[in-house]
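Take a look at the structure set out below.
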Amino acid sequence: MQGRPALEVADIFRVHGPAWRDAQRGHLSLAQVKVMSAITQCRTAALGGHVLRCDGCGVEQVSYNSCRNRHCPKCQSSAAKRWLDARQADLLPVEYYHVVFTLPAPIADIAYYNKAVVYGLLFDVAAETLLTIARDPKHLGAAIGATLVLHTWGSALTHHPHVHGIVPGGGLSPDGKRWIACRPGFFLSVRVLSRLFRRRFLEQLQQQHRAGQLHFFGEQANLADAGNFVRWIAPLRQCEWVVYAKRPFAGPQAVLAYLSRYTHRVAISNNRLLAMDARGVTFRWKDYRAKGNTRHKAMTLSPQEFMRRFLLHVLPGGFHRIRHYGLLANGNRRNNLALARELLCAPPPPPDEAAGEESAVPAPTFVCAHCGRTMVVLQVFLRDASIRGPPPT
């Protein structure tokens, strides 16, 4: 069993959070306050839990409930596993490509106060760009699918909104009778993707501005004026927008391994934290501008700045950070994948074990870390209820 990290984000919030929250009263959103509270209480008696006993070796332990907040570093592994289990049946026997769409810094700056609008545009325009270029006969001439995952952070917890796209290397012909594959090792022209992404995003952003959907504060307050906004946006039509296509994955299992690392990632994992002391909070980060082994560095921030950066990445309530488009859109995904497998002469995915005989013997909810046997629940305690501790060893 993997031990608890020596330092957790929850520890930083517990020690420094109350005073900082009071100092920031009126500046933190309700969602940010809720995230701080959830992470602080996660897997503590505050959320209740169970007293368990192994029916093999007899060991007893207390298991506290998780907060299940999507920003909590401790709650993502089980959520990722459930999501990945559901994605196993979606994989096709083709090359898969990884494409990244990144917003330039000026737009990232206005995105912080317009998260739902700008992040939503990032998703939809990136997907539209992929589907439009792929559909063009000069490029691929096929209807494709894509899964997009939103990340809003850089390695140093800075605000860096971008989406990772996982795309099958091919698609259905316009008549739906053929599978059209990409050239081996090449998906779509990055230059063409970048130009269309830039043009369509700025068009959509201006449309949102005209509709009064964007809000500006502080040094950006003058952008509320239509003329100022047009002048501000003009240089963004000329600069390069980063669209990056990586080499294809080494088979479907590599796709799943990648997804398991990226789909439910949070701004920083507990394993990257090194120390919390008089100097501040120290954590590992990767400097992508450096080369070789010099990329891996340690950074120390004041606890207040660490918490501020962490909370930059709290998403609006109900905002989906994983979305599927084209052939993989939720409405027709099953039918589209069945047709793709038929055209690829690929076997159907294995049936869900839950529908077979094994459903009669469900997997245990709690498993003993010592002997691997099932642990039974002796006692359930509610939030903030006092419990008896495990017996002395």
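So, Thr152, is that one over 30 Å from Glu342 (Cα atoms) and open to solvent by less than 50 Å² (accessible area, probe 1.4 Å) or not? Here the answer is yes, as Thr152 does meet what is asked. Of the residues Cys345, Cys368, the single one that is over 21 Å from the mean Cα position of the chain (by Cα), at pLDDT below 95 and buried (at least 17 other Cβ atoms within 10 Å of the Cβ) is Cys368. Checking each residue in segment 323-338 for being surrounded by fewer than 16 Cβ atoms within 10 Å (Cβ to Cβ) and in contact (Cβ under 8 Å) with a residue 40 or more places away in the chain picks out only Ala329.
In the set (1) polar (S, T, N, Q); (2) touching a Phe, Trp or Tyr at 6+ places or on another chain (Cβ under 7 Å); (3) closer than 15 Å to Arg309 by Cβ, the condition left unmet by Thr263 is number (3).
Highlighted here are the strands (runs of 3 or more DSSP E) found entirely within segment 140-185 that include at least 2 residues which are of a type in the set (A, V, I, L, M, F, W, C): 145-153, 159-168, 179-181.
Does Leu259 satisfy being out of contact with any Cys (no Cβ under 7 Å at 6 or more places or on another chain), in a helix (DSSP H, G or I) and surrounded by 17 or more Cβ atoms within 10 Å (Cβ to Cβ)? Judged against the criteria, Leu259 is a match. I'm trying to understand the selection: among the residues of segment 270-319, which are touching an Asp or Glu at 6+ places or on another chain (Cβ under 9 Å), open to solvent by 50 Å² or more (accessible area, probe 1.4 Å) and at pLDDT below 95? The answer is Thr294, Arg295, His296, Lys297. Of the residues making up segment 249-268, those that are within 15 Å of Gly185 (Cα to Cα) and touching a His at 6+ places or on another chain (Cβ under 8 Å) number 1.
Residues in segment 236-247: is at least one closer than 29 Å to His27 by Cβ, touching a residue at least 40 places away in the same chain (Cβ under 8 Å), open to solvent by less than 90 Å² (accessible area, probe 1.4 Å) and of a type outside the set (Val, Ile, Thr)? Yes, segment 236-247 has at least one match.
Any chance segment 205-219 includes a residue that's touching an Asp or Glu at 6+ places or on another chain (Cβ under 7 Å) and either closer than 30 Å to Gly141 by Cβ or acidic (Asp, Glu) (or both)?
Initial filter on segment 205-219 (touching an Asp or Glu at 6+ places or on another chain (Cβ under 7 Å)): none.
Checking segment 205-219: not a single residue is touching an Asp or Glu at 6+ places or on another chain (Cβ under 7 Å) and either closer than 30 Å to Gly141 by Cβ or acidic (Asp, Glu) (or both).
Quick grid of which residues meet (1) under 27 Å from the mean Cα position of the chain (by Cα); (2) modelled with pLDDT under 95:
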residue	(1), (2)
Val149	yes, yes
Val167	yes, yes
Leu196	yes, no
Ala224	no, no
Gly227	no, no
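In this structure, does Ala127 turn out to be among the small types (Gly, Ala, Ser) and either within 22 Å of Tyr262 (Cα to Cα) or surrounded by fewer than 21 Cβ atoms within 10 Å (Cβ to Cβ) (or both)? Spelling it out, Ala127 is indeed among the small types (Gly, Ala, Ser) and either within 22 Å of Tyr262 (Cα to Cα) or surrounded by fewer than 21 Cβ atoms within 10 Å (Cβ to Cβ) (or both).
The number of residues in segment 62-99 that are open to solvent by less than 40 Å² (accessible area, probe 1.4 Å), small (Gly, Ala, Ser) and under 9 Å from His264 (Cα atoms) comes to 2. The residue pairs whose first member lies in segment 199-227 and is under 16 Å from Tyr112 (Cα atoms), whose second member is small (Gly, Ala, Ser) and open to solvent by 60 Å² or more (accessible area, probe 1.4 Å), and whose beta carbons are closer than 6 Å, counting only pairs six or more residues apart or on different chains, are Phe216/Ala224. Quick one: count up the residues across segment 190-211 that are of a type in the set (Lys, Arg) and surrounded by 19 or more Cβ atoms within 10 Å (Cβ to Cβ). Count: 1. Tell me, yes or no, whether segment 223-233 has at least one residue that is touching a strand residue (DSSP E or B) at 6+ places or on another chain (Cβ under 6 Å) and more than 27 Å from Ala146 (Cα to Cα). For segment 223-233, residues touching a strand residue (DSSP E or B) at 6+ places or on another chain (Cβ under 6 Å) and more than 27 Å from Ala146 (Cα to Cα): absent.
Does Ala234 satisfy being under 26 Å from Val192 (Cα atoms), part of a helix (DSSP H, G or I) and not β-branched (Val, Ile, Thr)?
In short, yes.
The values are calculated or read from the model by the stated rules, or taken from the named source; none is laboratory data. Note that the coordinates shown come from a computational prediction; the quantities given were computed from them, not determined experimentally. Every residue, glycine as well, gets a Cβ built from its backbone with ideal geometry; the counts of neighbours run over all protein chains shown. Heads up: the accessible areas ignore ligands, DNA and RNA and are worked out on the full protein's heavy atoms, side chains in. Shrake-Rupley method; radii C 1.70, N 1.55, O 1.52, S 1.80 Å.
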